[in-house]
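Heads up, the thing below is written out as structure tokens.
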Amino acid sequence: MSLSREEYLPNISYDSVIFGFSGEKLKILILEYHNMKTFALPGGFVKVDEDLNTAVHRGLSERTGLKEVYLEQFYTFGSMDRHNPEIMGRIMKEQGHSDPDHWLLGRFVTVAYYALINYENVTPKPDELSDSIEWYDYDHLPMLMMDHNKIVDKALEHLRTHLDQKLLSINLLPDRFTMKDLQLVYEAILGEDLNRANFQRKMLSLDILERHDKLYSGGSHKAPFLYSFKKKTKT
């Protein structure tokens with residue numbers, strides 16, 4: 001692992017809340033340090049010769065293998081309470097690094113992002129410090145290190161508040177989907193059941209969906225229409 005002080009910006013990091021959708025449940029990608037039984041969000045550090053957004057996209061690609069992913073910066077966490085050199089020291093020691101003055105043991109202000117990806121398109125890969133990375137249901141997240149549970153809650157709060165505006169950039173669904181598929185995404189994110197007729201009326205009123213041929217399975221006359229999001233037009 002090459003994490004030299006000269007290669008990275010000190011005291012700044014990023015953490016990513018990577019949302020996936022399984023068809024029914026909202027899931028989040030979580031790293032685990034097995035010997036410590038410690039869990040964390042995927043995060044990383046910014047090289048001196050790269051933009052912050054570039055660093056976050058790089059880290060996301062390394063963990064998921066995906067290149068084109070919707071990412072949004074939503075908050076910066078800088079509380080004094082998030083400085084815990086003991087945890088990071090134990091993580092580094094497990095990986096064979098025992099420098100008591102290492103820059104990773106300092107206080108970090110972290111810039112938080114969330115990503116929306118199609119759960120089925122990802123084969124997660126752990127980073128150099130962790131042992132594994134797995135999908136967890138949002139409703140059954142383990143206790144995460146430092147303030148990472150607060151970061152998850154803040155990400156979901158932001159996503160729920162701005163969900164209608166984020167639809168055109170959403171990556172939780174395949175290119176074509178049914179209205180039921182879209183409603184399931186909404187219900188998973190909002191954490192509540194929605195009235196089918198009211199939901200369909202609302203979605204169609206937003207004028208963001210393009211309707212395609214019906215999805216036939218067994219020749220049923222009640223086959224649902226397929227939809228896709230209308231492409232954004234440049235202004």
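The values are calculated or read from the model by the stated rules, or taken from the named source; none is laboratory data. Keep in mind it's a predicted model, so treat the numbers as computed, not measured. When we count neighbours, we look across all protein chains shown, and the Cβ atoms used for this are built from the backbone with ideal geometry, even at glycine.
Residue under question is GLY96, and the condition is that it be of a type outside the set (A, V, I, L, M, F, W, C), surrounded by 14 or more Cβ atoms within 10 Å (Cβ to Cβ) and free of Cβ contacts under 8 Å to residues at least 60 places away in the same chain; does it hold?
The answer is no for GLY96.
In the stretch 19-65, which residues are part of a loop (DSSP other than H, G, I, E, B) and either closer than 25 Å to MET143 by Cα or not assigned by TED's automatic domain parsing to the domain that holds TRP103 (or both)?
SER22, GLY23, GLU24, LYS25, LYS37, LEU41, PRO42
On the basis of being in a strand (DSSP E or B), acidic (Asp, Glu) and surrounded by fewer than 19 Cβ atoms within 10 Å (Cβ to Cβ), does GLU72 make the cut? Walk me through how you get there before you give the answer.
Numbers: in a strand (DSSP E or B): yes; acidic (Asp, Glu): yes; surrounded by fewer than 19 Cβ atoms within 10 Å (Cβ to Cβ): yes.
So GLU72 fits the description; yes.
What's the number of the condition LEU129 fails, among (1) hydrophobic (A, V, I, L, M, F, W, C); (2) under 30 Å from GLU187 (Cα atoms); (3) in a loop (DSSP other than H, G, I, E, B)?
(2)
So is LEU105 more than 13 Å from the chain's Cα centre (by Cα), more than 19 Å from ILE28 (Cβ to Cβ) and crowded, with 16+ Cβ neighbours inside 10 Å or not?
Taking the combined requirement at face value, the residue satisfies it.
Taking GLU192 and the conditions (1) outside the structural domain of ALA115 (by TED's automatic domain parsing); (2) assigned to a helix (DSSP H, G or I), which numbered condition does it fall short on, given that it satisfies the others?
Result: GLU192 passes all but (2).
How about the stretch 162-183: which of its residues are among the polar types (S, T, N, Q), assigned to a helix (DSSP H, G or I) and at pLDDT 90 or above? So that I can check it myself, show each step before the final result.
Going through the stretch 162-183, the residues among the polar types (S, T, N, Q) turn out to be 165, 169, 171, 178, 183.
Next, from what is left, pick out any that are assigned to a helix (DSSP H, G or I): 165, 169, 183.
Once the filter is applied, which keeps residues that are among the polar types (S, T, N, Q), assigned to a helix (DSSP H, G or I) and at pLDDT 90 or above, the stretch 162-183 yields only GLN183.
For every residue, the table says whether it meets (1) closer than 28 Å to LEU41 by Cβ; (2) in contact (Cβ under 8 Å) with a residue 12 or more places away in the chain; (3) assigned to a helix (DSSP H, G or I); (4) not assigned by TED's automatic domain parsing to the domain that holds ARG107.
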{"site": "ASP153", "(1), (2), (3), (4)": "yes, no, yes, no"}
{"site": "LEU156", "(1), (2), (3), (4)": "yes, yes, yes, no"}
{"site": "GLN200", "(1), (2), (3), (4)": "no, yes, yes, yes"}
{"site": "MET203", "(1), (2), (3), (4)": "no, yes, yes, yes"}
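How many residues are over 22 Å from ALA155 (Cβ atoms) and either aliphatic (A, V, I, L, M) or crowded, with 22+ Cβ neighbours inside 10 Å (or both) if we restrict to the stretch 1-47?
Going through the stretch 1-47 one residue at a time, the tally reaches 4.
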